[in-house]
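To keep things clear, I will list the structure first and then write my remarks on it.
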Amino acid sequence: MERDSSDEDDDRQTLIHQNDTKNLPHQIPASPHPSTGRRSSFHIEELESQIRRRFKLSFNKRYLFAIFLPLLIIPIYFSKDIRTLFSSNISSLKFNTVSDRIKESQLQALYLLNQQQSSLLSLWNHTFVNSNSNITAVQFNDIKASLLNQITLNKHIQQILLSPHKTGNTLQNSTVLNPNVASYSFGRCRKVDQKFSERRTIEWKPKPNKFLFAICLSGQMSNHLICLEKHMFFAAVLNRALVIPSSRFDFQYNRVLDIEHINDCIGKKAVIPFEDFMAIRKNHAHIDKFICYFSSPQPCYVDEEHLKKLKSLGISMGKLETAWKSEDIKKPSQRTVKDVEEKFGSDDDVIAIGDVFFADVERDWVLQPGGPLAHKCKTLIEPSKNILLTAERFIQTFLGSNFIALHFRRHGFLKFCNAKKPSCFYPIPQAADCITQMVERANTPVIYLSTDAAESETDLLQSMVVLNGRIIPLVKRPRRNSAEKWDALLYRHGLQDDPQVEAMLDKTICAMSSVFIGAPGSTFTEDILRLRKDWGTASLCDEYLCQGEEPNFIAGKE
């Protein structure tokens, strides 16, 4: 509410009058109405006096309250009963929280203990069944791996049970996990001892002007490399130099392999390129004998188109022969060195044998680490120096020393796998679960992904490979970026954008990984396993994707 201006003037006059009176105590103000002036003056003084008394009283009470309140609270706060009351409420709250955490951890531990019991019983039954037979090295390693899994699970259970008692990063009690447990898990995915000193080998001693012309036509590059390795074994048994086919008839091997590396390892000119062979034969070579290893589904696995290509290279030949009349690629018979000598031995200068990819000759001898031939290197058939260095630079840039490599084949694999029993084509969620288990087992932070899968599949796979709430990155080779120098060697030597070079680069990276997960039924995977075995990088944890499991869903047939 606004005050009237006349009241404001009166108040101002009164204040001025009071001030004048104080300043001039001996003056007596003149007034036209003396009696009225005395009454007004007395009234104002009385009102002022009352206000002062009330203000002093109120001021004193407030000060007294402010002074005495802390004095009152301090003895109450330090009194025994009140302190007990507050502390009992707080401890009750804490007890309830810890109690809930203990119950939760106990339930988790019971579930894991039940899992551990089932696994140990399964291991016991397996060992009991095989107790009367000799346990192989592979079976023994499987048993050790199973026991390590249970030790790790036991450690996990202990951590769960102790977790409610943790304060920050320390335990409230003196219970400490067994420090030796860590040493058990260390090396669970260690390298396999290949025992190279125990290799059974044969010396490769080519006779002068005696040649074996390699014929490899089935499948892609991986099939041809496996075929080429078997041809080298045949050439050593028959004491002949091996002729690498022309790129006009086969793949361009000199872009992915170092031919001279093979000769350096053998210590003599055991392998020669097609061009050198034609120079020796003065550009007019004749195949004296063309012998087919397989007779079915068609001799030598060679069609008319490939025969025309050979002739266009300046090579003449006689009629195709078959070593065995009933040798079928679907059911190859086991053969020995003696069989090879009897069926393919000849005094002719040039013979051709084809195709030996499916041949089953001295399997244990051929598949041993380092191969069946005597040499001074780790392996004979390996990527060229440029591809090896590029793989190392990629690993140093993106992966580091500890990584899993995954060959995840998908394109055209659905129909191929479903024709097998059991199928080897796994749904993405099941595959992701298998991969995550391996990540936990191998304790690796990253995965290198070699795949022909569509992005829709790899994106889903990436989102589902999760361990302890963290997504495990799936790393693929990126597209060319001039700012990155890891692939500079390929561009410098004109090897870029070559599908065979890129495939060999993928193989090389996978072969250098800590642990490898392969695609069952894939020769690409088999060639990686061969490299890992020969290079000594094979791990106890290497396996096929979802090994031992069947797909949880299989589509019907057409």
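The values are calculated or read from the model by the stated rules, or taken from the named source; none is laboratory data. This one's a predicted model, so the numbers in the text were calculated from it and none came from an experiment. With ideal geometry, Cβ positions are generated from the backbone for all residues, glycine too; neighbour counts draw on all protein chains shown. Side chains are part of the model used for accessible areas, which takes the heavy atoms of the whole protein and leaves out ligands, DNA and RNA. Shrake-Rupley method; radii C 1.70, N 1.55, O 1.52, S 1.80 Å.
I'd like the distance between the alpha-carbon centres of the range 365-422 and the range 231-275, rounded to an integer number of Å.
20 Å
Tell me which residues come under 5 Å, amide H to amide H, from Val361 once H is placed; ignore anything under 5 positions away on its chain.
Answer set, sorted by chain and number: Arg335.
Does the range 392-494 come out rounded, prolate or oblate, given a ≥ b ≥ c as the square roots of the eigenvalues of its C-alpha gyration tensor, rounded meaning a/c under 1.5 and, failing that, prolate meaning a/b above b/c?
In terms of gyration-tensor shape, oblate.
Calculate how many DSSP beta bridges within the range 212-356 are antiparallel, expressed in % of all such bridges and rounded to the nearest 5.
5 percent
How much accessible area per residue does the range 211-367 have, counting only protein heavy atoms and a probe of 1.4 Å, in square angstrom?
On a per-residue basis, the range 211-367 sits at 44 Å².
What order do you get for 326-333, 509-516 when each peptide is scored by the mean count of other beta carbon atoms within 10 Å, highest first?
Descending mean neighbour count gives 509-516, 326-333.
Scan the range 472-537 for GluC sites (Glu not before Pro) in coil per DSSP, keeping those whose Cβ has at most 15 other Cβ atoms within 10 Å, and list them by number.
Glu484
For the range 287-343 and the range 466-518, write down the distance between their C-alpha centroids in whole Å.
About 38 Å separates the Cα centre of the range 287-343 from the one of the range 466-518.
What percent does the relative contact order of the range 211-367 come to when contacts are Cα pairs within less than 8 Å and at least six residues apart?
Relative contact order, the range 211-367: 32 percent.
What FRET efficiency comes out for Gln334 versus Asp193 if R0 is 25 angstrom and r is the Cβ-Cβ distance? Round to the nearest 0.05.
0.35
Once neighbouring chains are kept in place and the probe is 1.4 Å, which whole percent of the accessible area of the range 211-367 is contributed by carbon and sulfur?
In the range 211-367, the share of accessible area belonging to carbon and sulfur is 45 percent.
For a quick check: with amide H placed at 1.01 Å from N, whose amide H comes under 5 Å from Met317's, ignoring anything fewer than 5 positions away on the same chain?
Long-range HN contacts for Met317: Ile287.
Express the relative contact order of the range 385-544 as a whole percentage, based on alpha carbon pairs under 8 Å and six or more residues apart in sequence.
Worked out over the range 385-544, it gives 33 percent.
Check which residues have an amide H placed less than 5 Å from Leu373's amide H, if you skip close sequence neighbours.
Correct list: Ile202.
What ³J(HN,Hα) values, in whole Hz, does the Karplus curve 6.51 cos²θ - 1.76 cosθ + 1.60 give for the range 239-249 when θ = phi - 60°, with x put for Gly and Pro?
Each residue's phi maps through the Karplus curve to give 6, 10, 7, 9, 9, 6, x, 6, 5, 7, 10 Hz.
Rounded, prolate or oblate: which fits the range 211-367, taking a ≥ b ≥ c as square roots of the Cα gyration tensor eigenvalues, rounded meaning a/c under 1.5, else prolate when a/b beats b/c?
rounded
Cβ neighbours within 10 Å, averaged per peptide: list 291-304, 273-286, 217-230 in order, most packed at the top.
So the order, starting with the most tightly packed, is 217-230, 291-304, 273-286.
Pairs Lys195/Lys507; Lys230/Lys268; Lys282/Lys385; Lys207/Lys269: which exceed 22 Å Cα-Cα?
From the list (Lys195/Lys507; Lys230/Lys268; Lys282/Lys385; Lys207/Lys269), the Cα-Cα distance tops 22 Å for Lys195/Lys507; Lys282/Lys385.
Hey, what do the phi angles of the range 326-343 turn into as Karplus ³J(HN,Hα) couplings, whole Hz, using 6.51/-1.76/1.60 and θ = phi - 60°, x for Gly and Pro?
Each residue's phi maps through the Karplus curve to give 10, 8, 10, 5, 6, 9, x, 7, 6, 10, 10, 4, 4, 4, 5, 5, 6, 8 Hz.
Could you tell me whether the range 412-558 comes out rounded, prolate or oblate from its Cα gyration tensor? Rule is a ≥ b ≥ c as square roots of the eigenvalues, rounded for a/c under 1.5, then prolate if a/b exceeds b/c, otherwise oblate.
It comes out prolate by the Cα gyration axes.
I'd like the Karplus ³J(HN,Hα) series for the range 481-498: coefficients 6.51, -1.76, 1.60, θ = phi - 60°, whole numbers in Hz, and an x wherever there's a Gly or Pro.
Whole-Hz 3J(HN,Hα) from phi for the range 481-498: 9, 4, 6, 9, 10, 5, 9, 4, 4, 4, 6, 5, 9, x, 9, 6, 6, 9.
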